[in-house]
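For reference, the structure discussed in these notes is given below.
The values are calculated or read from the model by the stated rules, or taken from the named source; none is laboratory data. This is a predicted model, so every value here is computed, not measured. Heads up, the Cβs are rebuilt from the backbone with ideal geometry, glycines too, and the neighbour counts pull from every protein chain shown.
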């Protein structure tokens, strides 16, 4: 008797990329310096959940994750670099005043 079972195969990977326009991937586990992921080599220790550049991101260029701009490179980022607060800046479209409270419109 034939069965009609569907099997799903999951490959254990060390990173996730959700969109091809992304210029970073996210580590799904801690990665050592010199580990090969997506045809690039990590240039630093990458903590789980942190980002790795997959191509050159020049200073001022957008950093894209999940096809969204999540910040801008504050300095040149090379493929394999750890991408985090030390090399990414966030740009507000407005300048908050000292003491001004801000209510998040989607929180």
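Key figures for this structure:
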{"item": "Residues located in segment 13-45, provided they are modelled with pLDDT of 95 or more, buried (at least 18 other Cβ atoms within 10 Å of the Cβ) and part of a loop (DSSP other than H, G, I, E, B)", "result": "22, 23, 42"}
{"item": "Residue check, residue 97 surrounded by fewer than 18 Cβ atoms within 10 Å (Cβ to Cβ), at pLDDT 95 or above, assigned to a loop (DSSP other than H, G, I, E, B) and out of contact with any helix residue (DSSP H, G or I) (no Cβ under 8 Å at 6 or more places or on another chain)", "result": "no"}
